[in-house]
Amino acid sequence: MASTEIERLASALARLPGLGPRSARRAVLWLVKHRERALPELLEALGGVQDNLSECPQCGNVDTRVPCGICSDLRRDARSLCVVEEVSDLWALDRARLFTGRYHVLGGRLSALDGVRPEDLSIDQLLGRVEAGGIDEVVLAMNATLEGQTTAHYLAERLESFPVRVTQLAHGLPVGGELDYLDEGTLAQALRARRPVG
Amino acid sequence: MALDRITLSRFRNHAETALDAAAHFNLLVGENGAGKTNVLEALSLLAPGRGLRRAGLSDLAQAGGAGGFSVGASLAQPDGADPVRLATYARADQPNRRRVQVNGAEASANGLSEWLALGWLTPAMDRLFSDSAGARRRFLDRMVLALEPAHAHHSARYEAALRERNRLLADEREPDPAWLEGVERHLARHGALIAQARARTVAALVDELATLPAEPFAVPLIALEAGGPAAEEDLALALAQGRRRDRQAGRTLTGPHRDELLVTMAGKMMPAADCSTGEQKAMLIALTLAHAGLAARGRPGVLLLDEVAAHLDPVRRAALFDRLRQGAAQVWMTGTELAPFEDIRGEAAVWRVEGGRVMRA
């Protein structure tokens, strides 16, 4: 079997989400094979992240800049704020580049069973940002789960007293989806959220 | 016939069992513990859910084996097209995951109900009327589910929201009203759909039962006693108004999780729980047959009757066989001896079951 260093690297990689021991060993072998170029590149990238990584004090995004690249981007619309549960949701939304405003990462979702309460999420920071003014619309982009929707409802209530428009992502028919293949829950939502044509 | 070419592999006490050339009536005869009910249980897994024993998956694999099991059956198609092969199994390396295949392709367990309407009656259900309200709700829900597959989705969502609300109410601190309201919206939405689906099923059963002759089976009168309002807004309001009371009680006291299926014997107008054992059994049979009639509309039906014939007197037994013969559903019955089945012996497919092995008699 391989030396302890290689074993250590493999077991560290194996713990990454989506990998596992087999994929980790494959990745290690690839790195060994391409050690001339790939290893220094990876080391440098990891070092850079380790030295500079931080959570954006404003929105909760992780970036190597403070405030993060999105918060400091002046071309973005500061009047529009999109609230998400996790950083991964922010990245998913921003990948599509459809939303031009800024974000706010809650750091989770309300769950009595998991012991996640309002004070465990960055809700006060969110209310602080809205209170500071300059925001016209808050988009609640929570997951369509029990906890996600409960959190959205909770936030909507807390935001009620502020002079902002609070909106929520639509639920229903996925683009390219066929009615026949949808579960009843999704169909019911789509029907509930129907709207006039044109 | 609806189900045929049935195979059980490493299932309970069956190492490898095959049943071919099934008929409208199918009899499994053998001593106690031979493995008759195991065959019915295997068939019951061709429907969504945990089967007629509500067993855990790990209990289904043959004891002392490597773990994992499989059950398969061919389902005849009404238009004479090729039969559809239904299979459910657990792999030895993932014994706690139930898998389903339809014609060799992975499918969801809920999808099975599109192909087949399965109903069953077992000796364990004899206590149904004197059992808890929860047992009768489960009985009703299984009937609802066979008619409205979406019921499972709403039940799961409702249960999750109910646990969340109860946890919130149990907190030492006064629960946050905005948070509670968010959870209650889910409860109201899914709860209303559950209540309405149950009411529809009960109404359909009432109509179906009304067509039955009063003899020789006691006809049950059934009704749904609602545990909460059936309209979404009303349920949401009732939940909001009940917070203080529910906090004191430590649980949610309004909603469809408090529904009760009321069963009364027609004629005597006596609550089913107070009727004789034989009358209770007769009412259960009437309910099961009425539901089988409803569920089998538009798809093949299968009825699994465990140890049913032996406990009926000859008149009722003959009447039961008559009704089953007229019904569209394929019937699988078990018994310790063949004598009670004399009336249908000639038209039935009979297997002897012994020590987990099955032989055509």
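The values are calculated or read from the model by the stated rules, or taken from the named source; none is laboratory data. Just so it is clear, the model here is predicted, and its values are computed rather than measured. Note that we place each Cβ from the backbone using ideal geometry, even for glycine, and neighbour counts take in every protein chain shown. These area figures cover heavy atoms from the full protein model, side chains too; ligands, DNA and RNA do not enter into them. Shrake-Rupley method; radii C 1.70, N 1.55, O 1.52, S 1.80 Å.
Any residue at all in the range B:294-301 that is of a type in the set (A, V, I, L, M, F, W, C), open to solvent by 10 Å² or more (accessible area, probe 1.4 Å) and within 21 Å of the chain's Cα centre (by Cα)? Scanning the range B:294-301 turns up at least one residue that is of a type in the set (A, V, I, L, M, F, W, C), open to solvent by 10 Å² or more (accessible area, probe 1.4 Å) and within 21 Å of the chain's Cα centre (by Cα). The conditions of being more than 14 Å from chain B (Cβ to nearest Cβ), under 28 Å from residue A:74 (Cα atoms), assigned to a loop (DSSP other than H, G, I, E, B) and not aliphatic (A, V, I, L, M) are not met by residue A:177.
Quick one: would you say residue A:186 is modelled with pLDDT of 95 or more and of a type outside the set (Gly, Ala, Ser)? For residue A:186, the condition - modelled with pLDDT of 95 or more and of a type outside the set (Gly, Ala, Ser) - is not met.
Has the range A:12-31 got at least one residue that is among the hydroxyl-bearing types (Ser, Thr, Tyr) and out of contact with any strand residue (DSSP E or B) (no Cβ under 7 Å at 6 or more places or on another chain)? Within the range A:12-31, one or more residues are among the hydroxyl-bearing types (Ser, Thr, Tyr) and out of contact with any strand residue (DSSP E or B) (no Cβ under 7 Å at 6 or more places or on another chain).
Restricted to the range B:174-214, and to residues there that are over 25 Å from residue A:112 (Cα atoms) and free of Cβ contacts under 8 Å to residues at least 12 places away in the same chain, the residue that is nearest to the other protein chains (Cβ to nearest Cβ) is B:203. Residues in the range B:128-149 that are without any contact (Cβ under 8 Å) to a residue 60 or more places away in the chain, more than 14 Å from chain A (Cβ to nearest Cβ) and crowded, with 21+ Cβ neighbours inside 10 Å: B:141 alone.
Residue-wise test of (1) assigned to a loop (DSSP other than H, G, I, E, B); (2) more than 14 Å from residue B:300 (Cα to Cα); (3) open to solvent by less than 40 Å² (accessible area, probe 1.4 Å); (4) touching a strand residue (DSSP E or B) at 6+ places or on another chain (Cβ under 6 Å).
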{"residue": "B:7", "(1), (2), (3), (4)": "no, yes, no, yes"}
{"residue": "B:42", "(1), (2), (3), (4)": "no, yes, yes, yes"}
{"residue": "B:52", "(1), (2), (3), (4)": "yes, yes, yes, yes"}
{"residue": "B:65", "(1), (2), (3), (4)": "yes, yes, no, yes"}
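Looking across the range B:150-166 at every residue that is more than 7 Å from every other protein chain (Cβ to nearest Cβ) and surrounded by 18 or more Cβ atoms within 10 Å (Cβ to Cβ), the one that is modelled with the lowest pLDDT is identified as B:152.
Restricting attention to the range A:134-156, does a residue exist that is in a helix (DSSP H, G or I), touching a Phe, Trp or Tyr at 6+ places or on another chain (Cβ under 6 Å) and within 13 Å of chain B (Cβ to nearest Cβ)? Give the derivation first.
We begin by selecting, within the range A:134-156, every residue in a helix (DSSP H, G or I); these are A:146-156.
Cutting the leftovers down to touching a Phe, Trp or Tyr at 6+ places or on another chain (Cβ under 6 Å) gives us A:154.
Checking the rest, the ones that are also within 13 Å of chain B (Cβ to nearest Cβ) come to A:154.
Within the range A:134-156, one or more residues are in a helix (DSSP H, G or I), touching a Phe, Trp or Tyr at 6+ places or on another chain (Cβ under 6 Å) and within 13 Å of chain B (Cβ to nearest Cβ).
Evaluated against (1) away from chain B (no Cβ under 11 Å); (2) buried (at least 16 other Cβ atoms within 10 Å of the Cβ); (3) among the polar types (S, T, N, Q); (4) touching a Lys or Arg at 6+ places or on another chain (Cβ under 8 Å), residue A:100 falls short on exactly one condition, (2).
Taking the numbered list (1) open to solvent by 60 Å² or more (accessible area, probe 1.4 Å); (2) of a type in the set (Lys, Arg); (3) in contact (Cβ under 8 Å) with a residue 24 or more places away in the chain in turn, residue A:117 passes all entries but (3). Taking each residue of the range A:1-26 that is closer than 20 Å to residue A:43 by Cα and looking for partners that are part of a loop (DSSP other than H, G, I, E, B) with beta-carbon atoms closer than 8 Å, six or more apart or interchain, yields A:7/A:1; A:10/A:2; A:13/A:19; A:14/A:20; A:24/A:16. Of the set (1) away from chain B (no Cβ under 14 Å); (2) surrounded by fewer than 20 Cβ atoms within 10 Å (Cβ to Cβ); (3) farther than 21 Å from residue B:183 by Cα, all apply to residue A:107 but (3).
If you go through the range B:229-280, how many residues are touching a residue at least 40 places away in the same chain (Cβ under 8 Å), in a loop (DSSP other than H, G, I, E, B) and surrounded by 16 or more Cβ atoms within 10 Å (Cβ to Cβ)? Residues that pass the stated criteria total 5.
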